[in-house]
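Peer 1: Here it is, the structure in full.
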Amino acid sequence: MSTSNRRSWLILGICCLSLLVVGIDVTIVNVALPAIGRGLHASLSGLQWSVDAYTLVIGSLLMASGSMGDRFGRRRVFQTGLAVFTVGSLLCSLATSVTALVAFRALQALGGSMLNPVALSIVSNTFTERRARARALGIWAAVFGLSLALGPVLGGFLVSAASWRAIFWINIPVGIAAIVLTQVFVPESKAATARRFDPWGQLLVISLLATLTYGVIEGPAHGWASPVIVATFAAAAASAAALVLVESRRRQPLLEVRFFRSPPFSGASAIAVLAFAVLGGFLFINTLYLQDGRGYSALHAGLMTLPMAVMICLFAPVSGRLVGTRGPRLPLVAAGLTMMVAAGLLLRLSADTPPGFLLADYVLFGIAFGLVNAPIANTAISGMPNSQAGVAASVASASRQTGSTLGVAVTGSLVAGASGAGFAAASHAAWALLAACGLAVGVIGYASTGRRALATADRVREILAGDAPGPAAKGTGRGAAAFTGLDAGAGPDGDTGPDGDTGADGDARADGDARADGDTGTAREAQARGTAMGGR
């Protein structure tokens, strides 16, 4: 292996560090929630906020993070994100109240929002050869699955061996090491033409998600008809209306509202919200059930969910291959129905449900979550011109975070006030809601991948492609970000990396096989092959 090749794989390893710590932090905190509640005397809503503050901030800022790296330099933004994430982790470990923890989790997420979109841009800009990029993206996807698998088990071990504060300590040496290694080995790169920052769109996205989340979490405490909650939901509705109005008039909006004219894109966004609402709600409710309802230790609870994480790792590549050969419809429908069955089986949950039954159910959840991620990304970009694929992928990624936030908020509100042996019975309403979400995933997945939907998507693609600026139209590399199914937004279209590469070297297929021939028509054929099959 040449020196340049070794350097490229080292850069991939450094970027994967960011994916690992950010991914772990999504799941590791859930298993520590009971310990955090006892240590900080936190209410259920306080525990909800300690999870949702993280996903809320990441979801709000994800769409803008990729463009920051394009404009100010990817290495600079990546290192800034690592520094903020590391400081936020340190402060989280020192928190003396749940209010402080929530604030520090938001700071941690501010740094986290700068990491994965920019890291994936760095990776895509580093690996320009087709097979090498495919291998790199495959490793990236594997690390994502590994982070989900490690979170509950590692969190359970740290909480049992030390305290809940230890789940934040592990981020500090990793963050420092990544900052130093990035400075030494990762070259600086920028996009030739960066998208403009959209301050009004960004503020309205934050306002919409924050007010909606606040209303759902605090509704049980204040009363759903109380003036505070009614005003909060009114503010959320006003923010949504203003967002559509403002973004439809901007030349380079943060959120391109015309995307939603494409049924595949609208379907993918809705599926992302619903599916990750199920994931977020499951992790939140299940952790409280295992530890508070059954009296398991944090380590025992983490090990119980390991089969789910293993199934995610096993079925994610299966889903990618299915999307590449059969289109997104089959994995979407299978994921939705499996999700519905898994949540429906927990309608009979009690304090003494056999562990074998729980493990089998967790396997079903893992299969569902493993299947759903890749077709979300594929369906999102199937109606987009190649120059808009990265933007579409970032919206899908933000939808995932939004879904996770709402899942924790809604399910937590449904079990508010329950504890101990009565928690299992109180959770039945939450499982029924999650089962309905699973059914909706299957129905929307089927409807949004049919022939009529795909024909409408083609018309939307032509409209958007006709409005695309010249330089951006060349960049098809953003598709790589979309097809990995990861929480990353912008790719490298228009990149001017250290080797002078324009970054317009092709799209990526759903099975991770990046195309490097620079042929836009070929990339579209790969998309059509992956999506048209879903309509059969």
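What follows is calculated from the coordinates using simple rules that are stated; it is not laboratory data. Only a predicted model underlies this, so the values are computations on that prediction, with no experimental measurement involved. Cβ atoms come from the backbone with ideal geometry, glycine included; neighbour counts cover every protein chain shown.
Peer 1: If each residue's Cβ is checked for other Cβ atoms within 10 Å, how do W224, W140, W49 rank with the fewest at the top?
Peer 2: In increasing order of surrounding Cβ atoms, one gets W224, W140, W49.
Peer 1: Moving to a separate point now. Please work out the Kirkwood hydrodynamic radius for the range 8-133, using every pair of different C-alpha atoms, and report it in angstroms with one decimal place.
Peer 2: 15.2
Peer 1: What's the exposure ranking of D361, D52, D25, going from fewest to most Cβ atoms within 10 Å?
Peer 2: Ranking D361, D52, D25 by Cβ neighbours within 10 Å, fewest first, gives D361, D25, D52.
Peer 1: Estimate the FRET efficiency between R258 and A416 by the formula 1/(1 + (r/R0)^6), using the beta-carbon distance for r and 45 Å for R0, to the nearest 0.05. Intermediate results must be reported in sequence, preceding the final value.
Peer 2: Numbers: r = 39 Å, r/R0 = 0.88.
It comes out at approximately 0.70.
Peer 1: Something else about it: Could you work out how far the C-alpha centroid of the range 247-303 sits from that of the range 41-93, in angstrom?
Peer 2: Comparing the Cα centres of the range 247-303 and the range 41-93, I get a distance of 17 Å.
Peer 1: What FRET efficiency would be calculated for the residue pair E129, F357, taking the C-beta separation as r and a Förster radius of 45 Å, to the nearest 0.05?
Peer 2: Numbers: r = 49 Å, r/R0 = 1.08.
The calculated FRET efficiency here is 0.40.
Peer 1: Given N30, T55, A119, which one lies farthest toward the positive end of the charge dipole of the range 1-149, if we put +1 on the Cβ of every Lys and Arg and -1 on the Cβ of every Asp and Glu?
Peer 2: Checked the options; the winner is A119.
Peer 1: Let me ask you something else. What is the fewest-to-most order of F365, F157 by other Cβ atoms lying within 10 Å of their Cβ?
Peer 2: F157, F365
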